[in-house]
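Scroll down for the structure; my scribbles are underneath it.
The values are calculated or read from the model by the stated rules, or taken from the named source; none is laboratory data. Just so it is clear, the model here is predicted, and its values are computed rather than measured. Note that we place each Cβ from the backbone using ideal geometry, even for glycine, and neighbour counts take in every protein chain shown. All accessible areas refer to the heavy atoms of the entire protein, side chains included, with ligands and DNA or RNA removed. Shrake-Rupley method; radii C 1.70, N 1.55, O 1.52, S 1.80 Å.
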Amino acid sequence: MQPLESWGRYPKARQAAVSVHWRTDPLPRVHGSLLPFGQGRSYGDCCLNEGGTLLATSRLDRFIDFDPGRGVLRCEAGVRLGDILAFAVPRGFFLPVLPGTRFVSVGGAIANDIHGKNHFRAGTFGRHVLQLELLRSTGERTVCSPAENAELFAATVAGLGLTGLITWAELQLKPVQGPFIESETVPFRGLDEFFALDADSSQRFEYTVAWIDPRPRGLRGLYFRGDHSARAGKAPPPREPKGFPIDLPGFAVSGPAVAAFNALYYARGRLRTGRKLVRYAPFFFPLDAVGRWNRVYGSQGFLQFQCVVQDRAALGALLERIASSGLRSSLGVLKTFGDVASPGMLSFPRPGATVALDFPNRGAETFALVEALESIVRDAGGALYPAKDARMSPATFAAAYPRAGQFERQVDPAFSSSFWRRVRAA
Ligand SMILES: Cc1cc2nc3c(=O)[nH]c(=O)nc-3n(C[C@H](O)[C@H](O)[C@H](O)COP(=O)(O)OP(=O)(O)OC[C@H]3O[C@@H](n4cnc5c(N)ncnc54)[C@H](O)[C@@H]3O)c2cc1C
């Protein structure tokens, strides 16, 4: 088995790995703690377990049952969301919540209670989980749902893999006419224009998200919005992308190179405004066109910073701090969360604006920037996203996740992670 790492490739962890082949298998007996591992699409250390053992779930990839009358799918937890779409779209169904990559497992989607471009309508992934089976280190298998073993269910959704191994889950899919999205791109400048566009678009469109470029000369961005098209038809499922062949040297993601890329991307977006009919994959997963694009950042990896804040002044301060840092980000995303309640005790989404940016790992310089951003978020009463985090302090975690104590009572004592030990350090 290849060494397992997180998407940001920072931090590095030394850990053993055991593959889970069957949902009926018992948990392996190991020295040290256990942690489930999906597709390693989390950026930081919530999928890492330094000194312990990862339970690799990529072989737990079977569909178990599908009820086309109700649109309910039961599958093993290692099934990837892209594989569900490839199966469901030709049958007239779609996943109600999707992240920015299709290479995420069902178990990982539940354990981080992921959100998509339609949070203001659909809420998080966990809201669409009807039930799941949890295998605990005692050997006990517990079926959990919002009605049955509800406390354990609320701990397992956004439970960061700490309550046990999810072996299978039952998901409510939603009906669609076909594989197409009516999409539109609108360029904007500054936060006021973003919020005006967003207020209007969230009334009229199901999916919204913006790409942003915070520069010393001011913020600019491209606003993407879309709806499922009523047009029926077939589209072949997207192919497995070719992997990025090498780790690039540091200058490939230097400030000038990123600034040049962003200028080109913005100019291209300005030429492509207006409505278009596109297949679902390039609309939802534009980054999946290149496999393992994280190698662009070299072996030292990169950090993603994603937070949610309600206060617009704090959002402005964050973007100004980034713009003046000299560390340009080519993958900035800005969107708003609605007020649909999240089902998990540790769910990240809450009302406000969420911004996500990638920074190359330049050691002290990058850590200082991320720390400064974290303190703006903490002072504003916001939260950082565990799925994207590698540096948050225990104080910031405790302030943003007040149900952590209640959650801790549901943690399986044989399970742990690098993230958990970091944020719960005394
Ligand atoms: C390009 C890109 C775009 C992204 N866009 C978004 C986005 O728009 N919205 C969003 O919310 N996230 C987004 N993410 C983050 C991603 O959706 C989450 O990190 C997700 O949890 C990754 O799933 P995974 O299968 O790779 O799990 P891993 O990263 O391997 O693990 C994540 C967590 O799930 C736990 N886990 C995995 N399997 C199980 C199981 N069977 N039982 C119990 N626990 C389990 C692990 O222990 C770990 O704590 C994005 C990531 C990338 C790389």
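Tally up the residues in the stretch 344-355 that are surrounded by fewer than 22 Cβ atoms within 10 Å (Cβ to Cβ) and touching a helix residue (DSSP H, G or I) at 6+ places or on another chain (Cβ under 7 Å), please.
Summing the residues that are surrounded by fewer than 22 Cβ atoms within 10 Å (Cβ to Cβ) and touching a helix residue (DSSP H, G or I) at 6+ places or on another chain (Cβ under 7 Å) in the stretch 344-355 gives 0.
Let's see how each residue does on (1) assigned to a loop (DSSP other than H, G, I, E, B); (2) at positive phi:
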{"site": "193", "(1), (2)": "no, no"}
{"site": "233", "(1), (2)": "yes, yes"}
{"site": "240", "(1), (2)": "yes, no"}
{"site": "256", "(1), (2)": "no, no"}
{"site": "259", "(1), (2)": "no, no"}
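Considering only the stretch 127-139, state which residues are open to solvent by 10 Å² or more (accessible area, probe 1.4 Å) and not hydroxyl-bearing (Ser, Thr, Tyr).
Scanning the stretch 127-139 gives 127, 128, 130, 131, 133, 136, 139.
Looking for whichever is under 25 Å from residue 44 (Cβ atoms) and at pLDDT 95 or above here; the options are 92, 164. Which one fits?
Only one candidate qualifies: 164.
Check off (1) crowded, with 18+ Cβ neighbours inside 10 Å; (2) touching a residue at least 40 places away in the same chain (Cβ under 8 Å) for residue 59 and give me the number that stays unchecked.
(1)
List every residue pair whose Cβ atoms lie under 9 Å apart, where the two residues are 6 or more positions apart in sequence or sit on different chains, the first residue falls within the stretch 99-127 and is more than 9 Å from the ligand (Cβ to nearest atom), and the second residue, located anywhere, is of a type in the set (D, E, K, R) and in a loop (DSSP other than H, G, I, E, B).
Listed pairs, sorted by first residue: 118/206; 120/339; 121/206; 122/206; 126/113; 127/113.
Please pick out the residue among 124, 142 that is open to solvent by less than 10 Å² (accessible area, probe 1.4 Å) and not small (Gly, Ala, Ser).
Answer to the check: 124.
Of everything in the stretch 378-400 that's of a type outside the set (Gly, Ala, Ser) and over 15 Å from residue 113 (Cβ atoms), which residue is most open to solvent (accessible area, probe 1.4 Å)?
Looking at the filtered set, the residue picked out is 379.
Which residue pairs have Cβ atoms under 6 Å apart, sit 6 or more places apart or on different chains, and have a first residue in the stretch 39-50 that is within 12 Å of residue 3 (Cα to Cα) and a second that is within 6 Å of the ligand (Cβ to nearest atom)?
40/47
I'd like to check something: does the stretch 113-130 contain any residue that is at pLDDT 95 or above, under 30 Å from residue 352 (Cα atoms) and in a strand (DSSP E or B)?
There is at least one residue in the stretch 113-130 that is at pLDDT 95 or above, under 30 Å from residue 352 (Cα atoms) and in a strand (DSSP E or B).
Would you check which residues across the stretch 386-409 are closer than 15 Å to residue 422 by Cβ and within 14 Å of the ligand (Cβ to nearest atom) and list them?
Across the stretch 386-409, the qualifying residues are 386, 387, 388, 389, 390.
Only one of 313, 267 is modelled with pLDDT of 95 or more and open to solvent by 30 Å² or more (accessible area, probe 1.4 Å). Can you tell me which?
313
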